[in-house]
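> Take this structure first; my questions come after.
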Amino acid sequence: MSDLTTLNGTLTQVWQRLTRGVADRRSPARHPVLATVGAAGAEARVVVLRGVDVAAGVLTFHTDLASGKVADIARAPRGTALIWDAKAQLQMRLKVQLSVRAGTAEEWAAVPEGAQRVYGGTPAPGAEIAAPEDHDLAPEPARFGVVRAEVEVIETLHLGRDLHRRALFRRADGFHGVWVAP
């Protein structure tokens with residue numbers, strides 16, 4: 001059973017759920033919503049969690065280097081990852097500092113062949129096309145990128161039957177938490 005009644009238990013649950021999201025396709029943490037600031041305002045999209053480094057406090061996602069999110073991150077490198085775990089009634093919001101780099105040949109080789117098709121193609125992501133079949137899905141390893149999300153703040157909201165619990169953890173203090181009013 002998960003311990004969401006203590007600060008340490010809550011933080012442990014966040015990192016365990018994130019770690020599980022990398023390996024388990026059915027985990028709610030597998031597909032967080034990543035919010036960034038675009039040229040016209042707020043942008044949000046579902047991403048696939050590809051890596052978690054608990055010791056470093058870092059999450060990783062893959063991206064097409066020609067995608068709009070890369071331009072958003074270059075313009076404003078802060079974002080928020082949002083995960084809702086309906087079964088646990090737990091919301092996890094992670095405020096992150098974002099950076100993007102080209103993927104390595106080793107990272108590219110680890111991407112399943114079917115998934116490689118989404119990194120590349122003509123025209124680039126977001127370009128207008130007349131019909132869905134007017135997009136060539138040719139993989140381009142040079143367009144494969146990795147988004148690094150350094151977690152700065154973790155905020156949780158657990159919707160308990162009798163008591164809602166909201167906690168806040170900041171990197172600056174070693175992710176020691178405090179309770180805040182829900």
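The values are calculated or read from the model by the stated rules, or taken from the named source; none is laboratory data. Since we're looking at a predicted model, the values are computed, not measured. For neighbour counting, all protein chains shown are included, and Cβ atoms are generated from backbone atoms with ideal geometry for every residue, glycine included. Calculation scope for accessible area: heavy atoms of the full protein, side chains included, ligands and nucleic acids excluded. Shrake-Rupley method; radii C 1.70, N 1.55, O 1.52, S 1.80 Å.
> Tell me which residues come under 5 Å, amide H to amide H, from residue 119 once H is placed; ignore anything under 5 positions away on its chain.
Long-range HN contacts for residue 119: 140.
> Moving on to the next point. With everything on Cα atoms, drop me the angle between helix 7-23 and the longest principal axis of the chain, reported from 0 to 90° to the nearest 10.
Value to nearest ten degrees: 20.
> Further, regarding this structure: Heads up, I need the accessible area for residue 43: 1.4 angstrom probe, whole protein in place, Å², nearest 10.
70
> Compute the Rg/Rh shape ratio of region 94-169: radius of gyration over Kirkwood radius, all on alpha-carbon atoms. Can you show the working numbers first?
Details: Rg = 19.1 Å, Rh = 15.8 Å.
Here Rg/Rh amounts to 1.21.
> Right, here's the next one. Residues in region 165-181, backbone N under 17 Å from the label point at residue 12 (7 Å along the Cα-to-beta-carbon vector): list them, ranges by number please.
Counting only backbone N, you get 175-178.
> Given a 1.4 Å probe, how much area per residue of the chain is accessible, in Å²?
Details: 10060 Å² over 182 residues.
Heavy-atom accessible area per residue stands at 55 Å².
> Based on alpha-carbon centroids, what's the gap between region 118-182 and region 68-108 in Å, whole number please?
Centre-to-centre (Cα) distance: 3 Å.
> Quick check: pseudo-label points 7 Å beyond the Cα along Cα→Cβ at residue 26 and residue 82, how many nm apart are they?
2.6
> Going by the alpha-carbon gyration tensor, a ≥ b ≥ c the square roots of its eigenvalues, is region 140-181 rounded (a/c under 1.5) or, if a/c is not under 1.5, prolate (a/b greater than b/c) versus oblate? Mind dumping the intermediate values first?
Working: a/c = 7.20, a/b = 2.12, b/c = 3.40.
Verdict is oblate for region 140-181.
> Probe radius 1.4 Å, ligands and nucleic acids ignored: give me the carbon and sulfur share of the accessible area of region 77-138 as a rounded percent. If you can, show how the numbers build up before the last one.
Working: 2100 of 3800 Å².
Reported share for carbon and sulfur atoms: 55 percent.
> Stretched out fully, how many nm does the piece from residue 166 to residue 58 gain, at 0.36 nm a residue minus the Cα gap? Working shown, then result.
Numbers: separation 108, 0.36 × 108 = 38.88 nm, distance 2.20 nm.
Extending this stretch completely gives an extra 36.7 nm.
> D for the chain, whole µm²/s, Stokes-Einstein with Kirkwood Rh over alpha-carbon pairs at 37 °C and 0.692 mPa s: what number?
Numbers: Rh = 17.5 Å.
Here the translational diffusion coefficient equals 188 µm²/s.
> When every alpha-carbon pair in region 71-127 is counted, what percent end up more than 14 Å apart? Please report the intermediate quantities before stating the final value.
Values: 1159 of 1596 pairs.
Roughly 73 percent, rounded to a whole number.
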